[in-house]
C-alpha cells in the first residue's frame with residue numbers, strides 16, 4: 001500500500017487539485033490544531049498516452065454521454081470535479097470531432113411510450129394497430145422527417161466507431177475499473193506504454209505477479225492477501241478458473257496461517273467466503289473433491305508462500321476448508 005500511494009501521489013502535492021478547502025479546529029490540551037481537508041481529484045492529471053488523440057477526461061466524458069438522452073441536465077455538484085467541469089464542453093467537442101453522435105429518428109421515436117406514438121399516428125390519420133416496432137416504422141414511412149424531428153426532439157447519444165478507436169489507448173484503465181482492481185491510472189498507462197501491443201489482461205497479470213513477488217520480498221502478508229484475492233477474482237472473471245483456483249488456495253492458506261499467528265478465530269464468515277471462492281473456482285474448472293484436495297496440496301508445496309508448506313500445515317488447512325463448507329468425508 002505504501003508503494004501504491006507513493007506511485008499515485010508522489011512526494012509533493014502537485015497531483016492534488018482541491019475544489020474546496022476548509023479548516024476545522026480541534027481543542028487539544030488548551031491549544032488549537034488546524035486540520036486541512038481537501039478534495040483530491042487525480043483524474044485531471046492522468047497523462048495522455050503516446051498515440052492517443054483525445055484526453056483521459058474526454059474518454060470519460062465519451063463513456064458518460066453514451067446512452068444519455070439529449071435533454072439530460074448536468075447537476076450543479078458536478079462542478080466540484082475536473083470530470084464534471086469538462087463533461088459539457090467535452091460533449092460538444094466529441095460531437096464535432098465525430099467521436100459521439102445522436103441516434104437516428106427511429107431511436108428518437110423509440111424513447112417514447114406506445115400510447116404516445118399511437119396518439120401521433122391517430123393525429124396524422126394513420127392506423128394505430130401493431131407492436132411498437134411496427135408503429136415506429138409506420139411513422140417513418142408516412143410522416144416527413146422534419147415533422148418527426150419536431151415531434152420527437154429528444155434523442156440519445158452514442159459512441160461512433162471513431163470514438164471506440166479513440167478510447168483504445170485507455171482500454172487498460174477501463175479493464176482495471178471493470179474488474180474493480182486497485183492499480184493507479186498512472187501506473188497502468190506506464191505499463192501499457194512499455195508493451196502497447198500486449199493484451200491488457202497480460203499486462204495486468206504481470207503487474208499482479210510483480211507486486212506479489214514484492215510482498216514475498218518484504219514479507220508483507222496483508223497486502224499479499226489483498227492482491228492474491230483480487231488476482232483470483234480477476235482470473236475467475238476473465239475465464240481462467242484454474243488460475244483463479246490457485247490464487248484462492250494460496251489466499252486461504254496464507255490467511256489461515258496469519259490468523260493462527262495472531263491467535264484469531266478461523267471459523268467466522270471471512271473463512272467461509274474464502275473457502276467458497278475455492279469451491280466455485282474448482283467447480284468451474286471441472287474438479288471433483290479428490291482432484292481439488294490434490295491440487296490444494298500441490299499448489300502450496302510448489303509455491304511455498306512465505307516459506308510455509310509443511311504437511312502438517314497443509315492438512316490443517318484442508319481440514320479447515322472442509323469444516324468451513326461442512327464437508328464430512
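Each reported figure results from applying straightforward, stated rules to the coordinates on display, with no laboratory input. Note that the coordinates shown come from a computational prediction; the quantities given were computed from them, not determined experimentally. Positions of Cβ are backbone-derived with ideal geometry, glycine not excepted, and every protein chain shown enters the neighbour counts.
Numerical summary
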| read-out | value |
| --- | --- |
| For 299, 327, order by how many other beta-carbon atoms lie within 10 Å, fewest first | 327, 299 |
| Residue of 87, 266, 120 that the Gaussian network model of the chain assigns the largest fluctuation, springs spanning Cα pairs under 10 Å | 120 |
| Cβ-derived FRET efficiency at R0 56 Å, residue 141 paired with residue 270, nearest 0.05 | 0.35 |
| Candidates 313, 178, 141, ranked by Gaussian network fluctuation over the chain, Cα under 10 Å, top entry | 141 |
| Calculated FRET value between residue 242 and residue 92, using beta carbons and R₀ = 35 Å, to 0.05 | 0.10 |
| Relative exposure of 287, 78, 56, judged by other C-beta atoms within 10 Å (fewest first) | 78, 287, 56 |
| Listed values (i) 27.5, 84; (ii) 19.6, 63; (iii) 20.8, 68, entry calculated as Rg and Dmax of the Cα atoms in Å | (i) |
| Distance in nm between pseudo-label sites at residue 102 and residue 302 (7 Å out along the Cβ direction from Cα) | 5.8 |
| Linear extension gain, residue 48 paired with residue 122, 0.36 nm per residue minus alpha-carbon span | 21.3 nm |
| Fully extended contour minus Cα-Cα distance, from residue 218 to residue 114, at 0.36 nm per residue | 31.1 nm |
| With Cα atoms, 0 to 90° folded angle of helix 289-303 axis to the chain main axis | 70 |
| Calculated FRET efficiency for the pair residue 179/residue 260, C-beta based, R₀ 30 Å, to 0.05 | 0.45 |
| Using alpha-carbon coordinates, inclination of helix 221-237 to the longest axis of the chain, degrees | 50 |
| Neighbour-count order for 265, 323, fewest beta carbons within 10 angstrom listed first | 265, 323 |
| Helix-only mean residue ellipticity at 222 nm for the chain, each DSSP H run of n ≥ 4 adding -39500 (n - 2.57), per residue, nearest 500 | -18500 deg cm²/dmol |
| Prolate/oblate/rounded call for region 67-118, Cα gyration tensor, a/c under 1.5 rounded | oblate |
| The chain: angle of helix 200-218 to the longest principal axis, Cα-based, in degrees nearest 10 | 30 |
